[in-house]
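What follows is a single structure, written as structure tokens, with notes after it.
The values are calculated or read from the model by the stated rules, or taken from the named source; none is laboratory data. If you're wondering where the values come from, they're calculated on a predicted model, not measured in any experiment. As a convention, Cβ positions derive from the backbone with ideal geometry for all residues, glycine included, and neighbour counts pool all protein chains shown.
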Amino acid sequence: MSKAVLKFIRLSPTKARLVAREVQGLNAEYALASLEFMPNKAAKVISKVIASAVTNGGYEPEEVIVKSCRVDKGPVLKRFKPRARGRASRIQKPTSHIYVEVAKQKDS
């Protein structure tokens, strides 16, 4: 089993979790192929983390499965935008931490 972690990525954890749930439990090769055709920013980022986890273990993508793909909330960058009548509105820019574990596939 091997892991890969990507921290402080400028991506909403809610949006990233939608993509992470899609690839959990899939063959790594199939997961990378399906992520390639998803239009989300999260798909590109998660595919890089999966590829890194596969390489960290010294495996080939066809011989491992994505055991877990977890997205945790990171710190929120707080910015202010000027509004009418001298006021300001707070804008929150969320970040995420992405954790991927891949494990050798059981031969059945």
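Miscellaneous remarks
- The listed residues are LYS7, LYS3, LYS48, and the only one of them that is surrounded by fewer than 19 Cβ atoms within 10 Å (Cβ to Cβ) and either in a helix (DSSP H, G or I) or among the acidic types (Asp, Glu) (or both) turns out to be LYS48.
- Neighbours by Cβ (under 6 Å, 6+ apart or cross-chain): first from segment 7-21, in contact (Cβ under 8 Å) with a residue 12 or more places away in the chain; second surrounded by fewer than 18 Cβ atoms within 10 Å (Cβ to Cβ) and not in a strand (DSSP E or B): PHE8/GLY74; PHE8/THR95; ARG10/THR95; SER12/PRO94; VAL19/ASN40
- Hits in segment 64-104 - residues which are in contact with an Asp or Glu (Cβ under 6 Å, 6 or more places away or on another chain) and touching a residue at least 60 places away in the same chain (Cβ under 8 Å): LYS67, HIS97
- Checking ALA53 against (1) of a type in the set (A, V, I, L, M, F, W, C); (2) buried (at least 19 other Cβ atoms within 10 Å of the Cβ); (3) not in a helix (DSSP H, G or I), the condition it does not meet: (3)
- Residue within segment 91-106 that is of a type in the set (Asp, Glu), touching a helix residue (DSSP H, G or I) at 6+ places or on another chain (Cβ under 9 Å) and surrounded by 14 or more Cβ atoms within 10 Å (Cβ to Cβ) present: yes
- Hey, GLU63 at pLDDT 95 or above, surrounded by 12 or more Cβ atoms within 10 Å (Cβ to Cβ) and among the acidic types (Asp, Glu) or not: no
- One residue from VAL102, VAL23, VAL49 being touching a Lys or Arg at 6+ places or on another chain (Cβ under 9 Å), on the phi < 0 side of the Ramachandran plot and among the hydrophobic types (A, V, I, L, M, F, W, C): VAL102
- Hits in segment 13-31 - residues which are loosely packed, with under 14 Cβ neighbours inside 10 Å and of a type in the set (Ser, Thr, Tyr): THR14
- SER34 being without any contact (Cβ under 8 Å) to a residue 40 or more places away in the chain, out of contact with any strand residue (DSSP E or B) (no Cβ under 8 Å at 6 or more places or on another chain) and surrounded by 17 or more Cβ atoms within 10 Å (Cβ to Cβ): no
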